[in-house]
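I have placed the structure first, in the form of structure tokens, so that the comments after it can refer back to it.
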């Protein structure tokens, strides 16, 4: 796992959906680093983008983005925020993209990790350095320890261990960054729908009495894939995760400290304390 | 993996839900072996049970079942059919069960596999031999080969290989006897809801455009866990599986020959041919 890098100002943020790109931008500004937002059309929120120095770009404008980064003096670049994987046929490529088309095609053959790291390598070949949230805004990551008032009991600790082992076994398959384990049983594994949908599924299985353990048992365990380039894709948690854990009737949640986004940690802890849940940042 | 055993007549079938116990009983009768059905109250279908020599039993009547098996002259016993895992507190134990309570408690600590093999060991300690569908009715299992008119293309073959690898990696965790792989991407893994729910989930993900591959791509891959005692729990497929694969917009399905129930194989093949799907029985 790479160490945290020195960030030089200004830094380029290719911003997808959600609030995270702007949380990162705010964190950078607080430390005197200027972010330049490259807002992806159709996914990045315009009002939030407007708060920062920004340009609008489309997926496929590889040439234009390289030029803009160069003009803005950005030597470092990060991909931040959500993006539904586009199909190749949806992408209108500019000349710069067509120049490197074989590499783009090869990046598209494989999982999302492969796509992101492949795109990252393309920018690195143009002389830019790819960085990640761990470099840009370590204050947005899950710290280590028992973060809420409640601590996991021995059964929950065992569920966490089992969940971590399961996710490690799933690592090579580019699926399943989260799982729910209740009293030693793996109940469900995250799929392409993500963690919120996983928790909703568990809540429904409880309603339907397919899960028969008492409320207040079991753990959401979340971890990055071992093979994952943490610059491109960190597991994310937030207030919604805590709410989902509560609705799923679990005892708490465990993620990997320093390798999980927890941008609204204080609200997460407050919500966990209200619901009597634990939040654990496990050592990597 | 154990070899197929000689079955002695009469043989005891502890019958849970579904049609499988009766398909097994019919298959036995066709080969001149008398089945005695021990129908589980509340789950086994009474009309079907009535077609065979049968007794009604409750879960927890371990002593009574041993006595009945003995009286009927059954030296071999199988658990066949579906059963929702009961909680310990729901089970009314008879004296015979209370005599072996510590072993029952230990069987309950762990996954479903552990529970079934633990219960099997209890009967073996009483002198009965546990057998499975592979011993009782090999004609109900998936044969090897390409069984429908359509054969998988190279991409589907690669998806099958990836799915088999994933399921092997999941083996130690007592979850995930099935997965959907589309164009090299693992899309979803079966959870305690089972294969029909997995396929319904994939169909919904397509409707919601979370899966963006064309219809007619991807494979349902199904395999037993490597650690699984195949006497107690074989993956099952049926007409409903083929219908689910069609609704999920996949190209076909692959299971492990000789290790998967396919009681209504001819109807499955007919449905697959109508829908243009492949059915593959892969070598173990």
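The values are calculated or read from the model by the stated rules, or taken from the named source; none is laboratory data. Since we're looking at a predicted model, the values are computed, not measured. A quick note on method: Cβ atoms are made from the backbone with ideal geometry, for glycine too, and the neighbour counts reach across all protein chains shown.
Residue B:160 meets the conditions (1) touching a helix residue (DSSP H, G or I) at 6+ places or on another chain (Cβ under 7 Å); (2) touching a residue at least 60 places away in the same chain (Cβ under 8 Å) in every case but one. The failed one is (1). If you go through the range B:49-65 and pick out every residue that is surrounded by 19 or more Cβ atoms within 10 Å (Cβ to Cβ) and in a helix (DSSP H, G or I), you end up with 3. With respect to residue B:226, is the statement that it is at pLDDT 95 or above, surrounded by fewer than 21 Cβ atoms within 10 Å (Cβ to Cβ) and at negative phi true? Answer is no for this residue. Which of the residues spanning the range A:10-32 are more than 25 Å from residue A:239 (Cα to Cα), touching a helix residue (DSSP H, G or I) at 6+ places or on another chain (Cβ under 8 Å) and assigned to a loop (DSSP other than H, G, I, E, B)? Scanning the range A:10-32 gives a single hit, A:10.
With the structure loaded, tell me whether residue B:90 is over 25 Å from residue B:229 (Cα atoms) and surrounded by fewer than 15 Cβ atoms within 10 Å (Cβ to Cβ) or whether it fails that test. Break it down stepwise before answering.
Working: over 25 Å from residue B:229 (Cα atoms): yes; surrounded by fewer than 15 Cβ atoms within 10 Å (Cβ to Cβ): yes.
Criteria met by residue B:90.
The set of residues from the range A:174-188 being over 16 Å from residue A:228 (Cβ atoms), within 7 Å of chain B (Cβ to nearest Cβ) and either touching a strand residue (DSSP E or B) at 6+ places or on another chain (Cβ under 7 Å) or not in a loop (DSSP other than H, G, I, E, B) (or both) comprises A:185, A:186, A:187, A:188. So is residue A:188 without any contact (Cβ under 8 Å) to a residue 40 or more places away in the chain and under 25 Å from residue A:214 (Cα atoms) or not? Yes: the conditions hold for residue A:188.
Return yes when residue A:220 is part of a loop (DSSP other than H, G, I, E, B), modelled with pLDDT of 95 or more, touching a helix residue (DSSP H, G or I) at 6+ places or on another chain (Cβ under 8 Å) and surrounded by 21 or more Cβ atoms within 10 Å (Cβ to Cβ) and no when it is not. So residue A:220 does not fit the description; no. Within the range B:86-116, the set of residues being touching a strand residue (DSSP E or B) at 6+ places or on another chain (Cβ under 9 Å) and within 16 Å of residue B:16 (Cα to Cα) comprises B:112, B:116. Looking at B:42, B:81, B:16, just one residue is modelled with pLDDT under 95 and over 20 Å from residue B:131 (Cα atoms), and that residue is B:42. For the range B:199-215, residues that are more than 8 Å from chain A (Cβ to nearest Cβ) and in contact with a helix residue (DSSP H, G or I) (Cβ under 8 Å, 6 or more places away or on another chain) total 4. Quick one: would you say residue A:151 is more than 13 Å from chain B (Cβ to nearest Cβ) and more than 13 Å from the chain's Cα centre (by Cα)? Spelling it out, residue A:151 is indeed more than 13 Å from chain B (Cβ to nearest Cβ) and more than 13 Å from the chain's Cα centre (by Cα).
Is it true that some residue in the range B:230-247 is within 14 Å of chain A (Cβ to nearest Cβ), surrounded by 20 or more Cβ atoms within 10 Å (Cβ to Cβ) and farther than 23 Å from residue A:186 by Cβ?
There is no residue in the range B:230-247 that is within 14 Å of chain A (Cβ to nearest Cβ), surrounded by 20 or more Cβ atoms within 10 Å (Cβ to Cβ) and farther than 23 Å from residue A:186 by Cβ.
The criterion of at least 1 residues that are over 30 Å from residue A:35 (Cβ atoms) is met, among helices (runs of 4 or more DSSP H) falling completely within the range A:95-171, by A:101-108, A:154-170.
Output the residues belonging to the range A:189-198 that are away from every other protein chain (no Cβ under 12 Å) and out of contact with any strand residue (DSSP E or B) (no Cβ under 8 Å at 6 or more places or on another chain).
First, pick out the residues of the range A:189-198 that are away from every other protein chain (no Cβ under 12 Å): A:195-196.
Within the range A:189-198, A:196 is the sole residue that qualifies.
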